[in-house]
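The block underneath contains the structure these notes are about, expressed in structure tokens.
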There are 2 protein chains.
Amino acid sequence: MTDAYLNLVNSGFTKEIAKKLGLPRPAVLRRFDPAKPLVPGPVLVLGKGESADTLASTLLSWQQDVRRHATPKERLGAILMVLDEALTPEDLSAVALDAGASLRDLAPGGRIITVSRPAAEAQDPAAAAARQGIDGTLRSLAHELRGGATANGIVLANGTDATAPSVAAALHFLLSGRSAYVNGQFITIGSAAGELPADWTASLAGKTAVVTGAARGIGASIARVLHREGANVIVVDVPAAGEQLAAVANEVRGTALQVDITRDDAADRILAHAAERYGHLDIVIHNAGITRDKLLANMDSSRWDSVLAVNLSSQLRMNAAFLASETFSRSGRIVSLASTSGIAGNRGQTNYAASKAGIIGMVRATAPLLAPRGGSINAVAPGFIETDMTARMPALTRQVARRLSSLQQGGLPLDVAETIAFLASDAAAGINGTVLRVCGQNMVGA
Amino acid sequence: MTDAYLNLVNSGFTKEIAKKLGLPRPAVLRRFDPAKPLVPGPVLVLGKGESADTLASTLLSWQQDVRRHATPKERLGAILMVLDEALTPEDLSAVALDAGASLRDLAPGGRIITVSRPAAEAQDPAAAAARQGIDGTLRSLAHELRGGATANGIVLANGTDATAPSVAAALHFLLSGRSAYVNGQFITIGSAAGELPADWTASLAGKTAVVTGAARGIGASIARVLHREGANVIVVDVPAAGEQLAAVANEVRGTALQVDITRDDAADRILAHAAERYGHLDIVIHNAGITRDKLLANMDSSRWDSVLAVNLSSQLRMNAAFLASETFSRSGRIVSLASTSGIAGNRGQTNYAASKAGIIGMVRATAPLLAPRGGSINAVAPGFIETDMTARMPALTRQVARRLSSLQQGGLPLDVAETIAFLASDAAAGINGTVLRVCGQNMVGA
């Protein structure tokens, strides 16, 4: 589960050798540390207009140093490229070139963040071209950054502006080390719903959350981060994982519940447990999933059906039950685990990819059911994550898979968990029906 | 411009060596040949419902052998997976497993084609999950096929059904060798517009088309295919390419026009030329484009601005002029060249990716202006294509880039041209505002 190569090229003597040989040198990523500042330096806000002013004020309210013009040679923590007023392709030029001129001053673990409007919502062809052009620029730029720096975008849907709480939430997440492995992605803010936390390190205080498949790996990591953020956590897994599950429950001072999620009464048992112990259920993390890989030419119905049943149908059934229950908060949040395999497909995974693509469709269609009550449902699509599962891959395949992302390394279960905690927070209520990749800008996509 | 490795692993002695060593063995693709049948064997139509019946009839009307059940060991030319009535994830199982059971019987250069409904248009979460699940299945399956076989999908938007002319057009294109390098993609049929050709090998008979950047490479190839399909072709390029342009014009029995497309009067000059020589202009292919690669940290305004001006702003200006002109047909068709770089971004190409992403935005927003008059605008996004430009890449980079697609090879300019000719045909009028990748299912995507 450790990336020996990553350690090698970042320590003393071997670091120098790797440098001289011109080997890829993945950086140690800047991850969340409450003792460290939000961003490793001042934030340069490029671009004109109301949003640029609003975001500069937001940053100042967080005690960040803000620059509206680059100071030569000053080390920067982040660069905001505010382009939401772009009307023609020509409007991108100044901000793009100014950002380029400051790139050498970006600190290791620094951030580039674009702010734009959705291309699909523009009626004028020139405006649509400008908006989509930002997408191409940002994704290319993310490929160019080094030193663990990332580039992501915030997209303001029609009817929202930079004062929406979820804009601040997305900005805070992207600037912070919590988003370490999110790269080359866009977060769309669909509404002004949401409330900022009193304390950004206790963003889930007072909430009750359930995490399925929580006995180990990514699920256990999610339980830990939700607990760290102040939530009461109910960890769920199959009876066979009971011992590990109990250990996780103890660690997060939560409660363990042995449930087979494919059973008809799974949601009812979770709801009953939550009602009894905590009085309410606010957050559901659908993490449990299985793989039964085979080429479709060799696929049998038991492999196909079990993957669809566990990874997808169980969630459809449980969501319906949660939404119909009094125990599940009006403003409840659901986060499902998708996968880059569900976006790009993957050889030997027709069944798994069908289930994970299905999650993306489910999330999009369920979002309108949650929006009117102040709730939300989103998916997170991990790329190559260092887990027991990937540790069993052949060594060379694993090495190649790690390097195929712009960050040249696999992510950690923690990275997926941080992103889920962000989407589960009240501040993120304006983000609904979306998929956020946690993949280091893994190149697989189509 | 030739793929020596591809030739090597497909000829006699060296083929056997490659086989024994377990090296990747990209297949020689099945390309369009009027002397050969549309599909290399009977078509197996899987799935139930009206669309399956309609498509089976369509195939019969083309004198294709159709099977509704697999005959053991019979060599198949194509498998249609008709799933447009899927309402839950469980509805995918039978068709997927039946397709899997017949995969070994698929001929080299065979085809898998799914028929489905848009996931984004489903309101019911289970239906949305099922529909999007087809996406994951198809993309995975495309990764698994060998022998130059491909897998693509036809998506029937709400309000259309399998009787729409563009469904037949897309089916014909995907079954044929014209779609050789289109893999892992979906073609969405948005309306019942369109008219099938009397002769499928003269799909552009009587039309006048203009192709920009036509002096060489992909542009020249487009001119040749449009000519082959019966169009009068006006080839356009900058004055500096005059000699080559004249040669292409002669070859396609068309006319040459030296125009700098960034000039304000570019469209007027094209329109005047078309009006004078042919009386009308029916098809515009925006192919001209430039690259000025640099990391954004080293980008200067001349590199940035020139790429945006040539690749994007010129098209916005020309489209406005075409749409305002009497010479441009009411049912005019526009096809623009995008790029996988505009979808996924590319290191060193912030400017180029901005322009090519911009094309995608432009096409989407211009489509509603053309739809009411029976016209259409779409983009084609080539992946790695064997051209003079890619021949100048370092040898190892080129080898790797070729193998990163499911077809394990680069495409030919011809493959891009065939796809453009398809989108420019009257039969394809129901396809509007979309982007079709011609990339062999190149893995780059995000």
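Taking all Cα pairs closer than 8 Å and separated by 6 or more residues, the relative contact order of the range A:128-186 comes to 42 percent. In the elastic network of chain A, a GNM with C-alpha springs shorter than 10 Å, the most mobile of A:A320, A:A86, A:A164 is A:A320.
For B:K19, a cut-off of 26 angstrom between C-alpha atoms picks up these lysines, skipping any fewer than 8 places away in its own chain: A:K294, B:K73. Close amide-amide hydrogen proximity is noted between B:A381 and B:A338, B:L436, B:R437, B:V438, each under 5 Å apart and 5 or more residues distant or on a separate chain (H modeled in the peptide plane; Pro and chain starts excluded). Taking other Cβ atoms within 10 Å as a rough exposure proxy, A:T163, A:T54 sort from fewest to most as A:T163, A:T54.
Relative contact order, whole percent, for the range A:231-338 stands at 29, derived from Cα pairs under 8 Å and 6 or more residues apart.
Remark: chain A is approximated by an ellipsoid whose semi-axes, taken from the C-alpha gyration tensor as √(5λ), come to 34, 26, 21 Å, largest first. Springs join every pair of Cα atoms under 10 Å in this Gaussian network model of chain B, and among B:S406, B:S140, B:S302 the largest mean-square fluctuation is at B:S302.
Direction-averaged projected area, Cα convex hull, the range A:45-142: 6.3 nm², rounded to one decimal. Across peptide A:336-347, the average count of Cβ atoms from other chains found within 10 Å of a residue's Cβ is 5. Hey, how many Å between the Cα centroid of the range A:230-271 and the Cα centroid of the range A:275-316? When both Cα centres are located, 15 Å separates them. Each Lys or Arg adds one and each Asp or Glu takes one away; over the other residues whose Cβ falls under 11 Å from the Cβ of A:A70, this sums to +1.
Give the average, rounded to an integer, of partner chain Cβ atoms located within 10 angstrom of each Cβ in A:138-148.
For this peptide, the per-residue mean of nearby foreign Cβ atoms is 6.
For B:A209, what is the net charge nearby, where nearby means another residue's Cβ is under 14 Å from its Cβ and Lys, Arg count +1, Asp, Glu -1? So the environment of B:A209 carries a net charge of +3.
A viscosity of 0.890 mPa s and a temperature of 25 °C, combined with the Kirkwood radius over C-alpha pairs in the Stokes-Einstein formula, give the range B:175-332 a diffusion coefficient of 144 µm²/s.
Taking the square roots of 5 times each eigenvalue of the Cα gyration tensor of the range B:100-225, largest first, gives ellipsoid semi-axes of 28, 21, 14 Å. Angle check, please: helix A:93-102 long axis (alpha carbons) against the longest principal axis of chain A (alpha carbons), in degrees 0 to 90, nearest 10. Between helix and principal axis, roughly 90 degrees. With angles folded into 0 to 90 degrees, how steeply does helix A:12-21 sit against the dominant principal axis of chain A? Use alpha carbons for both and round to 10. Roughly 70 degrees, rounded to the nearest 10.
How large is the convex hull of the Cα atoms of the protein assembly as shown per residue, expressed in Å³ as a whole number?
Spelled out: Cα convex hull of the protein assembly as shown, divided by residues, is 162 Å³.
Using a 10 Å cut-off around each Cβ, can you sort A:I290, B:I222, A:I187 from fewest to most neighbouring Cβ atoms? Intermediate results must be reported in sequence, preceding the final value.
Numbers: A:I290 14, B:I222 32, A:I187 26.
Starting with the residue having the fewest Cβ neighbours, the order is A:I290, A:I187, B:I222.
For B:N298, the distances from its label point to the matching points in the remaining copies are 4.7 nm, ordered from shortest, with each point set 7 Å beyond Cα toward Cβ.
Across identical copies of the chain, B:S11 has label-point separations of 5.1 nm, listed in ascending order, with the point defined 7 angstrom from Cα along Cα→Cβ.
In this calculation the C-beta distance from A:R68 to B:E90 is compared with R0 = 45 Å, giving a FRET efficiency of 0.20.
Is the range B:288-446 rounded, prolate or oblate when judged by the Cα gyration tensor, a ≥ b ≥ c being the square roots of its eigenvalues, rounded requiring a/c under 1.5 and prolate requiring a/b larger than b/c? It is oblate, given that a/c is not under 1.5 and a/b is not larger than b/c. Here the relative contact order of chain A, from alpha carbon pairs under 8 Å that lie six or more residues apart, stands at 15 percent. Other residues whose C-beta falls under 10 angstrom from the C-beta of B:R31 contribute a net charge of 0, scoring Lys and Arg +1 and Asp and Glu -1.
Net length available on complete extension from B:V28 to B:E16 is 2.8 nm, with 0.36 nm assigned per residue and the Cα-Cα distance removed. Compared with the dominant Cα axis of chain A, that is its longest principal axis, helix A:165-175 is turned about 80°. The mean number of partner chain beta-carbon atoms within 10 angstrom of a residue's beta-carbon across peptide B:297-307 is 4. Dipole magnitude for the protein assembly as shown: computed about the Cα centre from +1 point charges on Lys and Arg Cβ and -1 point charges on Asp and Glu Cβ, it is near 2520 debye. Look at where the Cα atoms of the range B:347-384 and of the range A:22-37 average out, and the two centres are 37 Å apart. Among the trypsin sites (Lys or Arg not before Pro) within the range B:209-299, which fall in a DSSP loop and have no more than 11 other Cβ atoms within 10 Å of their own Cβ? Sites meeting the loop and neighbour criteria: B:R253.
Distance between the pseudo-spin-label points of B:A198 and A:A35 (7 Å out from Cα toward the beta carbon): 8.3 nm.
Readers should treat all values here as calculations from the given coordinates under stated rules, not as data from a laboratory. Note that the structure is a prediction, hence the values are computed from the model and not measured. We place every Cβ from the backbone using ideal geometry, glycine too, and count neighbours over all the protein chains shown.
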